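The numbers here are math on the coordinates, done by the rules we state, and not lab data. None of these values were measured; they are calculated from a predicted model. Cβ coordinates were reconstructed from backbone atoms using ideal geometry, including for glycine residues, and neighbour counts include every protein chain displayed.
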Amino acid sequence: MFLTIYDLIFFSVITFVCYSIWQHNNISLFARAAAKRHCEKEGVQLLDQNVILKRIGITKSHRSLFAIKRKYAFEFSSVGDYRYKGSIVMHGKLLSHIELAPFKTPMS
């Protein structure tokens, strides 16, 4: 059995889509771990142990011509009475920055 050029293109596209989904999943797991570490460092609790993809786009990269920019949202709590918003931005596989909304600190 011989493969035509259309078969090769089809299999190449399927392979690229599968690789992109796998890579996106790995980046999401890394973003969740980074958000959890940052919350622990700040003394707050990451709620739901989850980050949610809010925005995806293409941005200029320092390492290559372009990178995929992903913005994730998450919620955290400082004293357990209110949910605050946070966000994490990834440029490709690199962590760009993490922001936490202003929150109450426990009284001493």
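Considering only residues in the range 1-40 that are part of a helix (DSSP H, G or I) and among the polar types (S, T, N, Q), the one that is farthest from ILE88 (Cα to Cα) turns out to be SER12.
The set of residues in the range 1-25 being surrounded by 11 or more Cβ atoms within 10 Å (Cβ to Cβ) and within 16 Å of ILE56 (Cβ to Cβ) consists of SER20, GLN23, HIS24. Among the residues making up the range 53-75, those that are assigned to a strand (DSSP E or B) and either among the charged types (D, E, K, R) or over 17 Å from LEU95 (Cβ atoms) (or both) are LYS54, ARG55, ILE58, LYS60, PHE66, LYS69, ARG70, LYS71, GLU75.
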